[in-house]
Every structure is written in C-alpha cells, then in structure tokens.
Amino acid sequence: MDNHPPVAPLDPALAVHTVGLVKRYGQVMALDGFDLSVRRGTVHGLLGPNGAGKTTAVRVLTTLTEADAGAAQIAGADLGSDRLEVRRRIGLAGQYAAVDEVLTGRQNLELFGRLFHLGRPRARTRATELLEQFALTDAADKGVGAYSGGMRRRLDLAASMILAPQVMFLDEPTTGLDPRGRAEVWEAVRALVGQGTTVLLTTQYLDEADQLADRITVIDQGRQIADGTPAELKRAVGGAQIEVTVADPAQLDAAEAACAAVSTLSPLVDRPRRRVVVPVEEQLGSLAAVAARLAEAGVAVEDVGLRRPTLDEVFLRLTGHRTDEEPELEEATR
Amino acid sequence: MTTDLQPLRRSTAYWAVADAWSMVWRQLLYYVRQPTTILWQLGFPIVSVLLFVYVFGSAMDIGGGADYTAFAMPGMFAMTMAFGFMNTAYAVVLDKEKGVTDRFRSMPMAPSAVVSGRGFGDLLGAALDLLVIAAIALVIGWRSQGSLWETLYAFGLLLLLRFALIWIGIYLGLGVKNTETAGNLFAVAFPFAMISSVFTPPSMMPGWLGFLATWNPVSATATAIRELFGNPVAVGSSWPEQNAQLLAVLWPVLITAVFLPLAVRRYQRLSR
C-alpha cells in the first residue's frame with residue numbers, strides 16, 4: 001500500500017477514513033474500492049452478507065492484512081506509512097483476535113499490558129482495573145478455558161482496551177453467544193462508548209446494529225452501497241406503510257378506497273390475507289385519516305396499523321439477498 | 001481511569017528483547033498452569049525407549065558386546081530433540097487458529113518477538129525436557145563417562161539441534177491450516193527421528209536405508225554425544241559417522257540458515 005499515494009485527501013478529524021481500498025484474493029475482489037467515514041465518538045455498524053468484505057475491511061484497518069491499493073487513516077495515523085502508530089491507537093476484539101486459553105484472565109491482561117509497553121507494574125494495576133470494569137474479578141485467577149462464552153468475549157474486550165484506544169474494532173463480537181452473553185457484551189460496548197471510544201462494529205445481526213449503532217455502512221461485494229443512520233436507511237428504501245386487515249373480504253374494496261384517499265401511491269390488495277397495504281409519508285395523520293374513513297364506510301376492521309420496514313427488509317432491498325445467503329468468502333480465500 | 005496509560009519510550013532494540021522475554025514468560029506460565037504437559041510431550045520418547053531397552057533390549061546386539069542401554073539413552077535424548085519441532089509446530093498453529101497470533105500482530109509490540117519469543121521459549125522448554133529425561137536415564141542406569149565439560153558440551157549439542165528444528169517447526173506450523181492437519185506432521189517426524197542411529201547402528205540397516213540414516217542430522221547428534229558421554233558408538237567407517245562431531249554442529253547451523261529466514265518470511269506473509 002505504501003506505493004500508492006492517497007487517491008483523495010483524508011480527513012484526520014474522522015476516527016476512520018478510507019478511500020478506495022482494494023484487496024484482491026486471486027480472482028476475488030474482497031474489497032473493490034471501499035470507502036468509509038466513521039465520526040469520532042460514535043458506534044458505527046458495518047453490515048453486509050457473509051463474503052461482502054466486512055472481515056477483510058476490519059483486517060486491513062487493523063493492520064493484519066495489507067491492502068493492494070487505496071488509502072486509510074485511523075485516528076489520524078496513516079495506515080500505509082505508520083502501522084505502528086495505528087496499532088497504538090486501535091483495539092481489536094471479536095472473531096479474529098483472541099486471548100490465551102491456558103493462562104488466567106489476569107495473566108492474559110498482564111501479558112498484553114506488558115506487550116503494550118506499560119511496563120510490568122502498570123500492566124498489573126491495569127489488569128486489576130480492567131478485570132473489575134468488565135466484572136471478571138471473581139474469575140480473574142481461573143484459567144480462561146473454564147470461562148463462559150460471554151466472559152471470554154468480555155476478557156477479549158478488556159484485552160483490547162488496555163491502552164484505552166481511540167478506535168475499537170469489534171468484529172462480530174456476539175457471534176455464537178447466547179442471549180445472555182450478547183447482552184453482557186452489548187453492555188460492555190455501551191460502557192466503552194461512554195468513555196469516548198469510537199467503535200466500529202461488524203455484525204450479521206441487524207437488531208444488534210439497530211440497538212448499538214449511530215450510523216451504518218452497508219457493504220456488498222467489497223463496496224459501500226449505503227450509509228446513514230438506521231432510521232435514514234429504513235426511510236431510504238420506503239418509509240412507513242399502513243396495513244389494514246378486514247374481517248369480511250367483501251369490504252376489501254371499501255378499505256382500498258379508504259387507503260387510496262390518504263396516499264399519492266396506489267394501495268396493494270392482498271386478497272387471500274384480506275389485507276390492504278399503502279406506503280405513506282405523513283404517518284400519524286394518515287393513520288388517523290384512514291381510521292376515520294374506515295369507520296365512516298362501516299368497514300369491520302380486524303387490524304390496522306403503521307408498520308416500518310425492518311433492517312432485514314432494508315438489507316434485502318439494498319443488496320438483493322439476505323444476510324446469511326453466501327458462503328464465507330474470506331475463510332475460503334485466506 | 002486511574003492508571004497512566006502512556007506507553008514507555010524505549011529503543012526498538014530494547015523492545016525486541018523485552019517483548020521476546022514477555023513471550024517467553026507466557027510460555028513459562030504454561031508449565032506452571034499445566035505441569036503435566038511436559039509429561040505428555042515426553043511420553044513418546046520415554047515409552048519408546050522403555051520399549052526398546054526392556055522389551056527388545058535383550059535381543060539387541062549392536063556388536064562388540066556393548067551395553068545396549070548405554071547406547072540407547074543418548075539416542076533417546078537425540079530423539080526427544082528431534083520430535084521437539086512437533087511441539088513448536090503445534091503451539092504455533094494453535095495460536096494462529098485461536099486468533100492469538102492476530103492479536104499480537106494488531107498490537108504495537110516488536111513484530112520479531114512473536115517468532116523470537118517462540119524460539120527462545122521452546123529452547124528453555126527443551127532444556128527442561130532434557131533435565132527430565134536425563135533423570136529418567138540415570139534411574140535406568142545410564143552414566144556419562146566423559147568429563148564435566150564433555151557432558152555439558154553434549155547437552156549443548158542436543159539443544160543446538162533442537163534450536164535448529166524450532167525454525168522448521170515455526171515454518172511448518174505457520175504453513176498448516178489447523179491443529180488437526182498439524183497432527184499429520186507426525187508422519188514426517190517419525191521417519192526423521194527413527195531412520196537414524198537412535199536405536200540401531202545404521203550399519204545394520206539395508207544399504208540405502210543405512211545411507212539415509214548415516215546422513216540424518218539426528219544420527220550426527222546421537223553419535224557425537226555418545227562419543228562425548230563415552231557411551232558405545234557402534235559406528236561404521238562412512239564419512240558422516242566418522243565426522244559426527246563436525247556434523248552435529250554443521251547440520252543445525254545449516255538448517256537454521258535455511259529455515260530461520262523462511263519462518264520469518266512466512267510470518268511476515270501472514271499479512272497477505
């Protein structure tokens with residue numbers, strides 16, 4: 001990457017800024033001109049189907065893999081020319097960074113603290129501090145092999161937090177955890193953000209991005225295909241819609257007329273399900289108007305409501321496939 | 001946040017040593033945490049030597065009425081060193097598989113320490129291995145007839161062989177996919193250790209096999225230390241058997257010269 005001059009000016013005020021990152025594995029373009037802007041102090045979700053390039057992006061940004069072309073800055077440090085400085089400013093946890101399973105939690109943190117060049121005495125104090133912060137004090141002197149999945153991920157997070165990094169990369173931090181473990185990790189992530197750390201989170205779980213992320217970038221086939229807040233993304237693929245289900249199929253036409261009156265778009269009638277759906281812009285007002293017209297026409301309503309598309313639907317419309325359709329490309333090519 | 005988190009400022013050379021030492025410390029903790037590991041690792045050499053000495057021993061005649069136990073014990077030392085590269089390879093592939101290597105690589109530590117720490121840690125482990133099997137050999141009745149210096153030099157030659165094989169271990173460990181495939185390396189390790197002068201003199205093997213055995217680095221070390229310990233050597237007249245002392249140094253130096261750069265290169269290429 002050192003051979004390629006930046007293709008566009010990078011903004012050091014951003015926590016992560018990449019322009020035109022390219023990574024090729026044989027014939028496969030894992031990253032194909034990937035752009036990303038992450039603002040400081042936010043949680044940024046990187047979403048995409050398996051094989052979309054999420055993991056490659058994280059590996060490139062954390063200095064584990066070298067990009068073939070493009071430019072990137074992490075917390076103001078240039079990825080191409082100053083990898084050591086990048087490493088001082090980042091933390092990495094999740095799929096591809098782990099802790100030693102033979103050592104105890106405390107020994108792990110002390111080891112990593114020493115390798116982060118804190119010196120032995122401070123590595124020890126920092127270990128104690130982090131064990132407490134991540135609620136691992138009771139298990140501190142047990143071997144990590146005996147930890148639960150959630151505990152292990154929290155230790156993993158703690159190990160990445162030793163220098164209180166400016167940018168934290170969490171690569172699928174909750175994959176394979178039970179609901180309780182996920183909740184534990186989410187709590188830890190929120191605590192990180194509370195301390196001012198910027199978090200870049202990759203996930204396959206849309207509800208996780210919805211819960212945690214301030215902004216989301218959608219990646220597919222190595223490129224950014226959408227970027228915005230979760231609400232913006234949902235709005236972009238169609239805002240709210242009103243759904244009316246009638247009790248008597250004979251009244252479907254009356255319901256259709258009631259719906260048509262509140263929208264510039266024509267309603268869709270789903271006869272087998274006795275349902276009428278119409279996209280609307282002004283949500284609450286439209287709902288009230290539809291309700292009033294239905295009452296006026298004497299339509300017996302089984303259900304009426306305002307629905308928002310889920311991130312799952314957003315994803316499906318943006319990429320044309322669901323999140324879990326493709327085989328893990330990174331695994332196959334590494 | 002109460003602790004000052006500013007990393008210490010020291011020279012690159014300082015960190016190359018300090019970080020390597022931290023990695024060695026990690027390996028030493030393994031011995032404290034899992035003291036039985038050492039016995040598992042030594043299991044094969046110990047069992048096979050007991051087998052040869054006590055089961056086949058009475059049928060073994062290496063010529064000249066020499067004591068087979070005194071011949072086989074240095075062989076066991078050399079074999080333990082030869083199999084040692086399996087431990088290195090296994091540890092390396094385990095770290096890679098579990099993501100520990102990636103964590104090290106994402107940290108601002110001296111990059112060389114991952115490889116050098118493994119090297120020196122394994123060398124310390126090998127010294128511990130030698131202590132254990134030498135104790136077993138003493139119990140069985142083996143004695144060194146050489147001077148103190150000759151004896152120490154012999155153990156030094158053993159560690160030199162192990163040191164050279166560390167780089168092959170790292171090279172292979174970084175090359176295999178996972179711990180399961182690492183087990184297949186046994187298919188390489190077994191003939192490497194056995195087609196040698198470890199248990200039988202090469203002169204008693206069929207011609208071509210004997211030829212391989214005489215040139216095997218493990219044989220050179222086994223024969224050299226037998227000479228230094230004053231144990232029966234049972235060598236033929238071939239050049240490598242007559243110059244075992246020289247080869248016991250040359251082979252490890254040559255292996256290190258080839259595989260140390262290869263291992264480092266393969267480590268660096270993890271970023272591809």
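Equivalent-ellipsoid semi-axes for the range B:216-272 (Cα gyration tensor, √(5λ), whole Å, largest first): 33, 10, 8. When each of the peptides A:140-146, B:156-162, B:243-249 is scored by the mean number of other C-beta atoms lying within 10 Å of its residues, the order from highest to lowest reads B:156-162, B:243-249, A:140-146.
Remark: the range B:1-114 is approximated by an ellipsoid whose semi-axes, taken from the C-alpha gyration tensor as √(5λ), come to 45, 15, 12 Å, largest first. Volume per residue for the range A:105-177 equals 85 cubic angstrom (convex hull of Cα atoms).
For the range A:155-201 versus the range A:48-117, the spacing of their alpha-carbon centroids is 14 Å.
Per residue of peptide B:19-28, the mean number of Cβ atoms on other chains within 10 Å of the residue Cβ is 3.
With Rh defined as the Kirkwood radius, the inverse of the mean 1/r over Cα pairs, the Rg/Rh of the range B:98-143 is 1.31. Under conditions of 10 °C and 1.306 mPa s, the range A:48-201 yields 100 µm² s⁻¹ as its translational diffusion coefficient, taking Rh as the Kirkwood radius over Cα pairs in the Stokes-Einstein equation.
At the listed q of 0.09, 0.11, 0.14 Å⁻¹, the Debye profile of the range B:15-271, built from one uniform point per Cα, gives log10 I(q)/I(0) equal to -0.40, -0.59, -0.93. Seen against the Cα atoms of chain B and their longest principal axis, helix B:244-268 is set at about 30 degrees. Between the alpha-carbon centres of the range B:104-142 and the range B:165-203 there is a gap of 17 Å.
Here chain A carries DSSP beta bridges of which approximately 65% are antiparallel, counting only pairs with both residues inside. A protection proxy built from the mean count of other Cβ atoms within 10 Å ranks the segments B:82-95, A:186-199, most packed first, as B:82-95, A:186-199. For the residue pairs B:98/B:177; A:23/A:234; A:54/B:98, alpha carbon separations beyond 22 Å are given by A:23/A:234. Amide H to amide H distances under 5 Å link residue A:177 with no residue, where only residues 5 or more positions off or on other chains count and H is placed in the peptide plane.
log10 I(q)/I(0), Debye, Cα-only the range A:240-307, no solvent, q = 0.16 Å⁻¹? Computed log10 I(q)/I(0) values: -0.41. Once you reduce the range A:221-282 and the range B:38-101 to the center of their Cα atoms, the two points are 74 Å from each other. Summed over qualifying helices (DSSP H, 4 residues or more, each -39500 (n - 2.57)) and divided by its residue number, chain A shows a 222 nm mean residue ellipticity of -10500 deg cm²/dmol. Each residue of the range A:23-39 was assigned a 3J(HN,Hα) from its phi angle through the Karplus expression (A = 6.51, B = -1.76, C = 1.60, θ = phi - 60°), giving 9, 10, 10, x, 7, 8, 8, 6, 10, 10, x, 8, 10, 8, 10, 10, 6 Hz with x at Gly and Pro. For the protein assembly as shown, the percent of C-alpha pairs falling in each 10 Å distance bin, counted from 0 to the bin holding the largest distance, reads 3, 14, 20, 18, 14, 12, 8, 4, 3, 2, 1, 0.
Think of it as helices only: each DSSP H run of n ≥ 4 in chain B is worth -39500 (n - 2.57), and spread over all residues that comes to -24000 deg cm²/dmol at 222 nm.
By the compact-protein rule of thumb, 2.2 N^0.38 Å, the alpha-carbon radius of gyration of the range A:192-301 corresponds to a ratio of 1.48. Note on chain A: Cα Rg divided by 2.2 N^0.38 Å, N the number of residues, gives 1.21. For the peptides B:207-216, A:44-53, the ranking by mean Cβ contacts within 10 Å, running from highest to lowest, is A:44-53, B:207-216. How high is the relative contact order of the range A:240-307, given as a whole-number percent (alpha carbon pairs under 8 Å, six or more residues apart)? About 48 percent, as a whole number.
Laboratory data are not the source of any read-out in this text; all were calculated from the coordinates shown. Not measured: the values here are computed from a predicted model. Virtual Cβ from ideal backbone geometry, glycine too; neighbours counted across all protein chains shown.
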